[in-house]
Structures are given as structure tokens and as C-alpha cells.
Amino acid sequence: MFHIVVMLSVFLCSLKWGSWSRWKEFLPTIYYFGFFNMFYQYLSYTVKAVWELNGFFINMFVTDTLYTMVAYPCLVVLFLSHYPEEWRIKAVYYLKYIGVALLIE
């Protein structure tokens, strides 16, 4: 249930505050993020996982695939839509996203 709430929250936040009209600009980052997440999943499936999700949606594969195909692209659009130019504002922007991720974890 937790994973559904997280994915739905990220999706709804990206619809409200993300700039989906610029999604083509963000596509390389979405591909990069998704590819390396699935590559990590492949390695952790065949070797040993560094971490695992608790409370799967259906199973680990479905949960991680939903994150890769739904939540992560929405998160990329949300993050890059308002990415600042000035380095001081960038530092605050990174700290804000790191803080939100720590709260969710």
C-alpha cells in the first residue's frame, strides 16, 4: 500500500507542478534513470542486492517496474521542470529534494 501511495503522490505532484509540455527535453534523463535502475535490478537479481524494497505491491519485479515506468519519469519531470540556473539556488534545490527523499524513506 505504501508504494501505491508514493507512486500516486509523485504522479499527482508532477501533474500539478511539473512541466509536461517540455517532456521531450527530459527524455534522455528519463531513459538514463530507467536504464540504470533496471540494470541495477538485473545485477541485484543475479548477484546480491544492496537494498530491497519492503512490502511489495505484487512482487519485487512488478513494484520496481512500476517505479521505473511511472514514478521515476514523473519525478524527473518534476525535478527538472524548475531546475535553477544560479549555483546557490541549486544547492538549496538539491537540499530540498534530498530532505523530501529522506522523509519518505
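The values are calculated or read from the model by the stated rules, or taken from the named source; none is laboratory data. Since the model is a prediction, treat every value here as computed from it, not as a measurement. Because the Cβ atoms are built from the backbone with ideal geometry, glycine has one as well, and the counts that use them run over all protein chains shown.
Does the stretch 52-61 include one or more residues that are farther than 22 Å from TYR97 by Cβ, β-branched (Val, Ile, Thr) and at pLDDT below 90?
yes
Would you please name the residue that is farthest from SER81 (Cα to Cα), looking only at residues in the stretch 9-23 that are hydroxyl-bearing (Ser, Thr, Tyr) and in contact (Cβ under 8 Å) with a residue 12 or more places away in the chain? Lay out the reasoning, then the answer.
Within the stretch 9-23, the first condition is being hydroxyl-bearing (Ser, Thr, Tyr), and the residues that meet it are 9, 14, 19, 21.
Then keep just the ones that are in contact (Cβ under 8 Å) with a residue 12 or more places away in the chain; that gives 14, 19.
On the way: SER14: 9, SER19: 5 Å.
Going through the qualifying residues, I end up with SER14.
Of the residues that sit in the stretch 1-47 and are among the polar types (S, T, N, Q) and part of a helix (DSSP H, G or I), which one is nearest to ASN59 (Cα to Cα)?
Keep residues of the stretch 1-47 that are among the polar types (S, T, N, Q), which gives 9, 14, 19, 21, 29, 37, 41, 44, 46.
Restricting the remaining residues to those that are part of a helix (DSSP H, G or I) gives 9, 14, 21, 29, 37, 41, 44, 46.
On the way: SER9: 21, SER14: 26, SER21: 33, THR29: 27, ASN37: 17, GLN41: 13, SER44: 15, THR46: 16 Å.
Restricting to residues being among the polar types (S, T, N, Q) and part of a helix (DSSP H, G or I), the top hit is GLN41.
In the stretch 83-98, how many are more than 21 Å from TYR31 (Cβ to Cβ) and surrounded by 10 or more Cβ atoms within 10 Å (Cβ to Cβ)?
Residues flagged as more than 21 Å from TYR31 (Cβ to Cβ) and surrounded by 10 or more Cβ atoms within 10 Å (Cβ to Cβ) within the stretch 83-98 amount to 10.
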